[in-house]
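Taking it in order: structure first as structure tokens, then the write-up.
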Amino acid sequence: MERSLVRPPRGRVIAGVCAGLADRFGISRTLVRIGFVFFGLFGVGELAYIVLWILIPKAE
């Protein structure tokens, strides 16, 4: 069964984007968060996070 890409109601820090991506692809939430911080240093992480926050639906 394939997992869908949604923002989970639990385990999120700000909006659940990193938790949703980590759950969907089966990787560590911490690793995804570190990736966003790393790309945030170059100004891309914040923009990507905001776009994904808008695009990824909230889990019911």
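The values are calculated or read from the model by the stated rules, or taken from the named source; none is laboratory data. In this text the structure is predicted, and so the values were computed from the model without any measurement. Positions of Cβ are backbone-derived with ideal geometry, glycine not excepted, and every protein chain shown enters the neighbour counts.
The single condition from (1) part of a loop (DSSP other than H, G, I, E, B); (2) among the aliphatic types (A, V, I, L, M); (3) touching a Gly at 6+ places or on another chain (Cβ under 9 Å) that V37 fails is (1).
Starting from residues that are modelled with pLDDT of 90 or more and over 13 Å from the mean Cα position of the chain (by Cα), keep the ones in the stretch 40-53 and report whichever is nearest to V6 (Cα to Cα). Looking at residues that are modelled with pLDDT of 90 or more and over 13 Å from the mean Cα position of the chain (by Cα), I get G40. Among residues of the stretch 1-29 that are within 16 Å of E46 (Cα to Cα), those with a Cβ under 6 angstrom from a residue that is of a type in the set (S, T, Y) and assigned to a helix (DSSP H, G or I), sequence gap 6+ or separate chain, pair up as V17/Y49. Selection of the stretch 13-34 for residues being part of a loop (DSSP other than H, G, I, E, B), exposed (fewer than 15 other Cβ atoms within 10 Å of the Cβ) and either of a type outside the set (S, T, Y) or in contact with a Leu (Cβ under 7 Å, 6 or more places away or on another chain) (or both) yields V13, I14, G26, I27.
Conditions: (1) surrounded by 15 or more Cβ atoms within 10 Å (Cβ to Cβ); (2) at positive phi. F39 meets all but one. Number of the miss? Every condition holds for F39 apart from (2). For the stretch 33-60, a residue qualifies if it is under 15 Å from R12 (Cα atoms) and touching a residue at least 12 places away in the same chain (Cβ under 8 Å), and the qualifying residues are R33, F36, Y49, L52, W53, I56, P57, K58, A59.
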